[in-house]
């Protein structure tokens, strides 16, 4: 038996005839108009979305929407990955001490339901994004969540490098067809941060949500819109507006957590540290005593920042990377999976360390230095601006590398050697080499 039904083509995803509406002739046995209109499809992304909680789907959808609408440098692929990793977290209970939590990989659809982390706090979004999100239909929100899942899965296939072009293409393709038809236009003023005229925080704001199973010491301050999840422990610290502390997160005394920041499950922020606005401390990550994270800093799962270290605004650390005691990273510095920077290092803005790269203690890196996979820079090395250290390149202790130099793949600079500016090192550069 056939049926003829007139529905909106955007609710089915089909091309149909020209015009807003299309007439679909289908066998009733194979068509479920209710499912079509709700945006559910038989795909890995849809199956994952169906297993998540509504708050997780909302987090993914809002991240995709913000990436689509606010596509300039204020919302980059790295920030999207941080949001989606929180929403798609997986619990691994194989360890004896505490459950390990890590970001998923493309095999997420095969993870059992009891390993999906359900109690992940969502990140704060600008008021403009909340306005747009509220204007969307239910099926559009679900479709955006599926776009977020697919984009995350594609980017997670290569954790060493964020493919910005792929990210942009997927967001434009997935969100562009959903959200561009009836959203209100927003001026530049919509993205401006609110004026800092709030009175000093005292006690727990009545507009905050605090679990009965959370512990908050007397003298702590929790701002409006904050969410404190079960098992979280907050010392005599200040958590500003819209801060979200995940399950088992611990904040020691004297800490300042800026507005809109997220503290992942089982994370720890030590005494007298500060976390800038709109930052994210990842699942099981550690922030050392008196350390400082700038605004919009992203710490991925299992990362660590040593005591008295300082990270500039927009710094990004992916899974398992670490920064030593007293190290200073400039704005927008990036550490990929497993990259480590020693103690007392000074690194300029926009430096990038790829997977398993190493920088020794007391080294100095100039502006926009790139250290590729498995490369190493020794202790006390002075590296100029825009230096490139290729795959498995090695720079020995105490060496001096001039601006714009390039250490090629598998090349070695001996300890104490000096490489002039603009030089390309292809073999072994000796200490007495001119």
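Within 10 Å of each residue's Cβ, count the other Cβ atoms and sort 45, 163 from fewest upward.
With the fewest neighbours first, 45, 163 line up as 163, 45.
Run the numbers for residue 412 and residue 215: contour at 0.36 nm per residue of separation, minus the present Cα-Cα distance, in nm.
65.6 nm
If each residue's Cβ is checked for other Cβ atoms within 10 Å, how do 136, 144 rank with the fewest at the top?
Going from sparsest to densest Cβ surroundings: 136, 144.
Quick one: if you stick a label point 7 Å off each Cα along the C-beta vector at residue 137 and residue 207, how many nm between them?
Result for the modelled spin labels: 3.2 nm.
Students often check this: by mean Cβ neighbours within 10 Å, which of 211-223, 359-371, 381-393 ranks highest, and how do the rest follow?
359-371, 381-393, 211-223
Given an 8 Å cut-off on Cα distances and at least 6 residues of separation, report the relative contact order of segment 256-310 as a percent.
Reported as a whole number, the value is 32 percent.
Between segment 291-326 and segment 374-434, how many Å separate their Cα centres?
Measuring centre to centre over Cα atoms gives 26 Å.
What is the extension gain from residue 43 to residue 391, computed as 0.36 nm multiplied by their sequence separation minus the C-alpha to C-alpha distance, in nm to one decimal?
121.5 nm
With 10 angstrom as the radius, rank 141, 431 by how many other C-beta atoms surround their C-beta, starting from the fewest.
Sorted ascending by nearby Cβ count, the order is 431, 141.
With each label point set 7 Å from Cα along the Cα-Cβ vector, what nm distance links residue 53 and residue 114?
Output for this residue pair reads 1.8 nm.
The numbers here are math on the coordinates, done by the rules we state, and not lab data. Because the structure is predicted, anything quoted here is derived from the model rather than measured. Neighbour counts are summed over all protein chains in view; Cβ atoms, including those assigned to glycine, are modelled from backbone coordinates with ideal geometry.
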